[in-house]
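Engineer: Would you mind keeping the following structure in view while I ask a few things?
The values are calculated or read from the model by the stated rules, or taken from the named source; none is laboratory data. In this text, all values refer to a predicted model and were calculated from it rather than measured experimentally. Using ideal geometry, Cβ is built from the backbone for each residue, glycine included, and neighbour counts are taken over all protein chains shown.
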């Protein structure tokens, strides 16, 4: 497969959680005037390791399209290759470059926009940030079409709630966006939600159905409709590690949700 490589210059790097060693990166593609992609897609970064072997790592884009720029959000991982190259100086300092290709991937918002459950843990929030920047642009029309959008974000501690101020600002400006961070290990000083994301997803689905006077599963799907033409009133987009994805999907399937309503992106 031919790959169209680009040189991405690191314009900004910020540690957004010291406890989790999580970093936010902003890159510029100086060889392009624009870098079009669909929010939720990923790019692949390429470099040779110390033995000269080419290493490739895929990272979800943590932003909506913005000229010739893109953002990433990733953890420094003990023994990791690319994440540590980016996180550690002097491997890739601000102003340094990496080779990338893409975009690729199908973890994207389905059209037309429906009520949507965005469910993430850890750096799985990266594509969700891209979704929200596209749905609620700072300079441009609201693309949410008034649909209810929930972001259920699970992590361990309050220090690991990434992009919190940005998501809280969306919730303050848009009454149809609901931001629900939930913590699994925080101390009693935390006054927000606790527990795992699947618990809160189930509650949202049940409460939404009750408000609308509908069954949680929605109407039966006509088997004669081709899968590509199926349309639902609500979809779930889930990004994170496999155990979390399985737990959320099992909850939704127990409600009778169709598999086409559940769109996933695994990180392991």
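Engineer: In region 26-60, how many residues are part of a loop (DSSP other than H, G, I, E, B) and modelled with pLDDT under 95?
Structural biologist: Residues in region 26-60 being part of a loop (DSSP other than H, G, I, E, B) and modelled with pLDDT under 95: 6 in total.
Engineer: Sort out which residues of region 200-224 are in contact with a strand residue (DSSP E or B) (Cβ under 8 Å, 6 or more places away or on another chain) and under 11 Å from residue 255 (Cα atoms), and write them in order of number. I'd like the intermediate steps shown before the answer.
Structural biologist: Narrowing region 200-224 to residues in contact with a strand residue (DSSP E or B) (Cβ under 8 Å, 6 or more places away or on another chain): 200-201, 204-205, 208, 218.
Within region 200-224, 205, 218 qualify.
Engineer: Something else about it: Considering only residues that are touching a residue at least 60 places away in the same chain (Cβ under 8 Å) and buried (at least 24 other Cβ atoms within 10 Å of the Cβ), which ones fall in region 133-154? Explain how you work it out, then say what you get.
Structural biologist: Just the residues of region 133-154 that are touching a residue at least 60 places away in the same chain (Cβ under 8 Å), to begin with: 133-134, 137, 148, 154.
Correct list: 154 only.
Engineer: Restricting region 233-268 to residues that are touching a strand residue (DSSP E or B) at 6+ places or on another chain (Cβ under 9 Å), over 24 Å from residue 61 (Cα atoms) and crowded, with 17+ Cβ neighbours inside 10 Å, which is modelled with the highest pLDDT?
Structural biologist: The extreme case among them is 252.
Engineer: Could I ask something else about it? The conditions are (1) in contact with a strand residue (DSSP E or B) (Cβ under 7 Å, 6 or more places away or on another chain); (2) at pLDDT below 90; (3) surrounded by fewer than 19 Cβ atoms within 10 Å (Cβ to Cβ), and residue 87 fails exactly one of them. Which is it?
Structural biologist: Exception for residue 87: condition (3).
Engineer: Could you tell me whether residue 93 is in contact with a strand residue (DSSP E or B) (Cβ under 8 Å, 6 or more places away or on another chain) and at pLDDT below 95?
Structural biologist: Details: in contact with a strand residue (DSSP E or B) (Cβ under 8 Å, 6 or more places away or on another chain): yes; at pLDDT below 95: yes.
Against the criterion (in contact with a strand residue (DSSP E or B) (Cβ under 8 Å, 6 or more places away or on another chain) and at pLDDT below 95), residue 93 qualifies.
Engineer: Could you run through region 189-206 and say how many residues are more than 20 Å from residue 120 (Cβ to Cβ) and surrounded by 11 or more Cβ atoms within 10 Å (Cβ to Cβ)? Walk me through how you get there before you give the answer.
Structural biologist: Looking only at region 189-206, we keep the residues that are more than 20 Å from residue 120 (Cβ to Cβ), and these are 189, 191, 206.
Now narrow it down to the ones that are surrounded by 11 or more Cβ atoms within 10 Å (Cβ to Cβ): 206.
Number of matching residues: 1.
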